[in-house]
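Here is the structure we will look at, set down as structure tokens.
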Amino acid sequence: MLEIVALGGLGEFGMNMLALTWAATTIVVDAGVMFPDPELLGVDRIIPDLTYLQQRRAAALILTHGHEDHIGAVPHVLSVVDGPIYGTPLTLALVEPKLEEHGIEGRDLKPVRPRERVTIGPFTVEFIRVTHSMPDCAALAIHTPVGIVVHTGDFKIDQTPIDGELFDVHRFAQLGGEGVLALFADSTNIDRRGFTGSELEVVEAFEEIFTSATGKLIVAAFASSIYRMQILVDLAAQFDRKVAFVGRGMMRNSEIAQRLGYLRIPAGVQIRDSEIASYPAQDVLCLATGSQGEPMSALSRIAIDDHRAVKVGPEDTVVLSARAIPGNEKAIGRVINHLARRGADVIYEGIKHVHVSGHGSEEEMKLMLSLVRPRYFVPVHGEYRQLSQHARIAERVFAGREPKPEILLAENGDVIHLNADSAQIAGKAPVGRVLIDDTRTGEVGDEVLRDRRHLAEDGLVVPVVAINKQTGGLEGIPEIITRGFVMEDSQALLADGVRLLSDVVEQASVEERTDQGLIKEKLRVELRRFFRKRSGRRPFVLPVIMEI
Ligand SMILES: [Zn+2]
Ligand SMILES: [Zn+2]
């Protein structure tokens, strides 16, 4: 009997992770993070609870592609993985710096190309090329003793991919012909009609932007959007602009993608961010991080005129070339307001077609269902409403087929038992979220896992600061509320903490003070440093700003 458990990614976006067990062998597909709501400060990343894997350990970790919601938790998950990590070359190259950051050495990273297979005990895992918003993405056909399990990974069907690497329709059709036991498929965009469209579709809008922009051009996108980078680099070369990558993630990923040949930059086009100032504004394109309004990102710093290399003014154009992840709209809105206040022309998805999703819409999902023709179907990668919509659509695709495929609407932790001719949800595995708190000091491994136990040891600190919405001035004296944080001389400590709060607010610029996201982040960083230095503890710091 095959046991499959989703440890994350069902009923939520992010944290994708699936465990498959046959007898004594467990393999894990993907190990993703979830990014917390920007308002939930004090938490940098969220990873799945690993209790289920601690009980059995894994013989291998298999990665479908290099997005954070699939690889972000790899360094944390390795403590329960005894064997190698398999993935395509780009995926593994994106994992490497994460391992370095965590001081993890000596792990066996095995590159696998599409159509290649690897065997782990009773499992043979085959990689199949799919198209998505970045290169080198794979679906998996996992051959097990009771049949083939197909996991789509994230995909859309882009018939004109930027790198010419086509979606492997043939292999999915062949597998469907051979007989597939179960299909696990991406549900992200199931509520969009039609087809998603090719990544190439953004070219037209960007051509217009390049033609009309008279000053500096700044495009914010996800650091993993390597196809988007390629499109913009090519346009920059065509329109005689130099390209600078701005922001840590952007610099790092563009460097990795270039090294591996996934991003081609003509000679003489790329400049360093420190060189931007020495070129006329109309000759520069900046590719920056911060499309989600993250308070510490390059674009947020640029927007409040606090970036050492990039300034923005009335002649300049800023493009947000990404979807707003639900929950981030407010933070993005604040960044757009700052940019608009500096006089920049700000373009985002609603204004021009500057973004295409990497996830297939309804028709692509239907095509996948009819190509693979599984005996059992499990929708994954989505909130519950997307999963149930995917199930409804599958009902229609399966109508009239004999025998009629069965649909299992599973949630995180549901233990699915599969045999050649039966499938059922047989129980519940422990699942949940673990909050992770980087201290952003750059020290290797300097990070704290925030589970309830840690919270109980180190406590919770809530600074409450009232700020005048117009002037940015402090209203009254800040307060610090603590829970589970008991120290001998805590009265004196808290009094100093309150003074620190006032100083931080007073030293911040008016723009920072009137931007909840920025000032909260500043207070959090400073206060955390303060408590660590003075008490040796790492309490959770959750600032509350009252705008008056
Ligand atoms: Zn993805
Ligand atoms: Zn994903």
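The values are calculated or read from the model by the stated rules, or taken from the named source; none is laboratory data. On a predicted model such as this, the values are computed, not experimentally measured, just so you know. Every residue, glycine as well, gets a Cβ built from its backbone with ideal geometry; the counts of neighbours run over all protein chains shown. Each accessible area value is taken on the protein alone, full model and side chains, heavy atoms only, with ligands, DNA and RNA left out. Shrake-Rupley method; radii C 1.70, N 1.55, O 1.52, S 1.80 Å.
Here is a yes/no grid of residues against (1) at pLDDT below 95; (2) closer than 30 Å to Ser300 by Cα; (3) within 15 Å of ligand 2 (Cβ to nearest atom):
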position	(1), (2), (3)
Met17	no, no, yes
Val29	no, no, yes
Tyr52	no, no, no
Arg56	yes, no, no
His67	no, yes, yes
His70	no, yes, yes
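Of all residues in the stretch 471-501, those that are open to solvent by less than 40 Å² (accessible area, probe 1.4 Å), at pLDDT below 85 and assigned to a loop (DSSP other than H, G, I, E, B) total 2. Annotation: Met368 fulfils all but one of (1) of a type outside the set (Lys, Arg); (2) open to solvent by 10 Å² or more (accessible area, probe 1.4 Å); (3) closer than 30 Å to Met229 by Cα; (4) outside any loop (DSSP other than H, G, I, E, B); the unmet one is (2). Only one of the numbered conditions (1) among the hydrophobic types (A, V, I, L, M, F, W, C); (2) outside any loop (DSSP other than H, G, I, E, B); (3) touching a residue at least 24 places away in the same chain (Cβ under 8 Å); (4) surrounded by fewer than 18 Cβ atoms within 10 Å (Cβ to Cβ) is not met by Leu409, and that is (2). Does the stretch 122-138 include one or more residues that are within 17 Å of the chain's Cα centre (by Cα), free of Cβ contacts under 8 Å to residues at least 40 places away in the same chain and either closer than 22 Å to Ala322 by Cβ or more than 16 Å from ligand 1 (Cβ to nearest atom) (or both)? No, the stretch 122-138 contains no residue that is within 17 Å of the chain's Cα centre (by Cα), free of Cβ contacts under 8 Å to residues at least 40 places away in the same chain and either closer than 22 Å to Ala322 by Cβ or more than 16 Å from ligand 1 (Cβ to nearest atom) (or both). Mind checking whether some residue in the stretch 334-343 is open to solvent by 60 Å² or more (accessible area, probe 1.4 Å), away from ligand 2 (no atom under 16 Å from the Cβ), under 26 Å from Ser274 (Cβ atoms) and part of a loop (DSSP other than H, G, I, E, B)? Within the stretch 334-343, one or more residues are open to solvent by 60 Å² or more (accessible area, probe 1.4 Å), away from ligand 2 (no atom under 16 Å from the Cβ), under 26 Å from Ser274 (Cβ atoms) and part of a loop (DSSP other than H, G, I, E, B). Among the conditions (1) modelled with pLDDT under 95; (2) assigned to a strand (DSSP E or B), the only one that Val444 does not satisfy is (2).
Across the stretch 299-315, the number of residues qualifying as open to solvent by 10 Å² or more (accessible area, probe 1.4 Å), touching a residue at least 60 places away in the same chain (Cβ under 8 Å) and either outside any loop (DSSP other than H, G, I, E, B) or closer than 22 Å to Met229 by Cα (or both) comes to 3. Any residue that is of a type in the set (Ser, Thr, Tyr), within 16 Å of ligand 2 (Cβ to nearest atom), open to solvent by less than 10 Å² (accessible area, probe 1.4 Å) and touching a residue at least 60 places away in the same chain (Cβ under 8 Å) - is there at least one of those in the stretch 77-97? No, the stretch 77-97 has no match at all. Figure legend. Inter-residue proximity from the stretch 355-378: first residues farther than 23 Å from Ala322 by Cβ, second residues open to solvent by 30 Å² or more (accessible area, probe 1.4 Å) and more than 14 Å from ligand 1 (Cβ to nearest atom), beta-carbon distance below 6 Å, spacing 6+ or different chains. Indicated pairs: Glu363/Phe195; Lys366/Val397; Leu369/Val397; Ser370/Val397; Leu371/Ala173; Tyr376/Glu406; Phe377/Ile407. Taken over the stretch 193-216, residues that are in contact with a helix residue (DSSP H, G or I) (Cβ under 7 Å, 6 or more places away or on another chain), of a type outside the set (Phe, Trp, Tyr), in contact (Cβ under 8 Å) with a residue 40 or more places away in the chain and more than 16 Å from ligand 1 (Cβ to nearest atom) amount to 6.
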